[in-house]
Amino acid sequence: MNAIIVINSGSTSLKFSLYAIAGDHKLALVCRGQTDSMIENAHFVAHNPAGEQLGRHEWAQGHAIDHKAALDYTLTWLEANNAGMKVVAAGHRVVLGGTRFEVPVLIDDNVLTYLGSLSAMEPSHQPFNVLGVQSLAAAFPGLPQVACFDTSFHRSMPSVAQTYALPQEVRDAGVTHWGYHGISYDYISRQIPKFAPDARRVIAAHLGGGASICALLDGHSIDTSMGFASLSGLPMATRVGDVSPGVLFYLLRTKRFTPESLEKMLYERAGLLGLSGVSGDMRELETRTDAMSVGAIASFVYAMVKYTGAYTAALGGLDAFIFTAGIGENSVEVRAALCNRLSWLGVKLDQKANDRHGPRISTADSRVSVWVIPTNEEQMIAEYTLALVGRLAR
């Protein structure tokens with residue numbers, strides 16, 4: 001049986017999912033896994049759809065591996081442990097498609113060169129996404145690869161939402177409100193009719209290590225909190241979220257940071273970690289009672305309240321609110337805190353349903369229905385990839 005591998009390549013980790021292509025051209029998850037700590041103590045693990053471990057491998061203590069070695073091991077393991085299954089294509093999560101790509105694209109040398117040129121715009125993910133493509137091509141030359149972009153879904157935003165108040169020559173250099181988490185929001189937009197078929201005006205919150213909010217009108221993005229890079233909007237695990245540009249100039253002028261160290265701080269030492277001083281992991285913060293940890297969670301919820309109010313105005317009202325991703329799907333406390341702050345919109349929380357993680361966590365008489373809908377970015381990437389290379393999988 002033929003299969004598609006979905007790859008999310010990071011700086012020191014590589015996540016994968018394997019989907020079998022059934023006779024009716026439907027996709028079925030076979031397994032998922034990742035290689036972590038690639039710069040030291042690299043280890044591989046794979047699980048079946050039920051979460052049971054299928055395999056594990058550890059390289060020598062202190063041994064570093066590159067993306068090519070991780071991918072080589074992954075695909076070799078997959079084909080050895082799934083008899084008769086052949087990987088016929090790979091779909092990659094790539095955060096930024098730039099001005100050239102608004103839909104998934106089959107990767108060739110020209111595409112890859114362009115995507116690599118965008119790394120200066122989004123340095124925390126883009127270069128490693130591109131490296132994953134390059135490494136797979138080196139390990140398995142000739143395997144068709146597809147780039148699926150987090151920015152694509154937000155190209156439906158009206159021009160006024162995509163445009164910064166900057167001179168034309170700056171905007172011509174690619175400075176625009178890109179928006180991210182688009183693969184997740186695309187998936188959620190397709191699930192909404194199954195849960196709230198009459199909801200036209202929807203706000204979805206993808207709350208994980210990276211966090212954002214998106215306003216959806218009839219399933220299309222009209223605004224989202226992440227902007228030019230995956231740094232703005234809500235405070236995230238270690239990323240700052242919104243901050244006045246004047247702060248950045250001040251820190252540079254007073255030589256507290258260099259441009260490089262400032263960027264590193266904003267991406268790696270800010271957000272919930274910066275606010276709490278102890279952790280960027282919401283699960284840990286929720287177990288703590290110290291003022292800084294409690295305040296970090298309060299700041300996270302407050303930012304969501306502000307964006308929800310703004311996006312409700314942009315939508316002309318609100319029919320449904322969706323929580324998704326790690327925090328959104330699992331944090332009873334964060335969901336309850338936000339819903340209680342949205343009582344002015346007519347939101348009424350069903351606490352027992354919230355404790356069960358939904359899917360509906362609002363009461364029947366709530367003017368705005370509130371839902372917990374698990375996202376599935378890997379499934380979306382596999383579907384995008386199959387649509388482009390399906391003829392090769394027959």
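The values are calculated or read from the model by the stated rules, or taken from the named source; none is laboratory data. Predicted, not measured: the structure shown is a model, and the values here were computed from it. Every residue, glycine as well, gets a Cβ built from its backbone with ideal geometry; the counts of neighbours run over all protein chains shown.
Yes/no matrix, rows are residues, columns are (1) in a loop (DSSP other than H, G, I, E, B); (2) surrounded by 21 or more Cβ atoms within 10 Å (Cβ to Cβ); (3) touching a helix residue (DSSP H, G or I) at 6+ places or on another chain (Cβ under 9 Å); (4) β-branched (Val, Ile, Thr):
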residue: VAL130; (1), (2), (3), (4): no, yes, yes, yes
residue: ALA138; (1), (2), (3), (4): no, no, yes, no
residue: LEU143; (1), (2), (3), (4): yes, no, yes, no
residue: VAL146; (1), (2), (3), (4): no, yes, yes, yes
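Considered as a group, the residues in the range 207-219 that are buried (at least 16 other Cβ atoms within 10 Å of the Cβ) and not aliphatic (A, V, I, L, M) include one that is nearest to GLY280 (Cα to Cα), and that residue is GLY209.
Matching residues to (1) of a type outside the set (A, V, I, L, M); (2) within 22 Å of the chain's Cα centre (by Cα); (3) farther than 23 Å from PRO127 by Cα:
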position	(1), (2), (3)
ILE7	no, yes, no
SER11	yes, yes, no
ALA28	no, yes, yes
GLN34	yes, yes, no
ASN41	yes, no, no
GLN53	yes, no, yes
ARG56	yes, no, yes
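Counting only residues that are of a type in the set (Val, Ile, Thr) and modelled with pLDDT under 90, which one in the range 1-35 is surrounded by the most Cβ atoms within 10 Å (Cβ to Cβ)? The selected residue is THR35. There is at least one residue in the range 88-103 that is surrounded by fewer than 16 Cβ atoms within 10 Å (Cβ to Cβ) and free of Cβ contacts under 8 Å to residues at least 40 places away in the same chain.
Just one of the listed residues (LYS348, LYS264) is assigned by TED's automatic domain parsing to the domain that holds ALA237, modelled with pLDDT under 95 and among the basic types (Lys, Arg), namely LYS264.
One line per residue, one yes/no per condition, for (1) assigned by TED's automatic domain parsing to the domain that holds CYS339; (2) assigned to a helix (DSSP H, G or I); (3) not aliphatic (A, V, I, L, M):
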residue	(1), (2), (3)
ARG155	no, yes, yes
GLU169	no, yes, yes
GLY179	no, no, yes
ILE183	no, yes, no
HIS206	yes, no, yes
GLY209	yes, no, yes
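Per the conditions (1) over 14 Å from the mean Cα position of the chain (by Cα); (2) free of Cβ contacts under 8 Å to residues at least 60 places away in the same chain, the sole criterion not satisfied by ASP242 is (2). In a residue-by-residue description of the range 308-319, the property of being free of Cβ contacts under 8 Å to residues at least 24 places away in the same chain and not hydrophobic (A, V, I, L, M, F, W, C) applies to at least one position.
Filtered by the rule that a residue be surrounded by 17 or more Cβ atoms within 10 Å (Cβ to Cβ) and outside any helix (DSSP H, G or I), the range 320-347 gives ALA320, PHE321, ILE322, PHE323, THR324, SER331, LEU342, VAL347.
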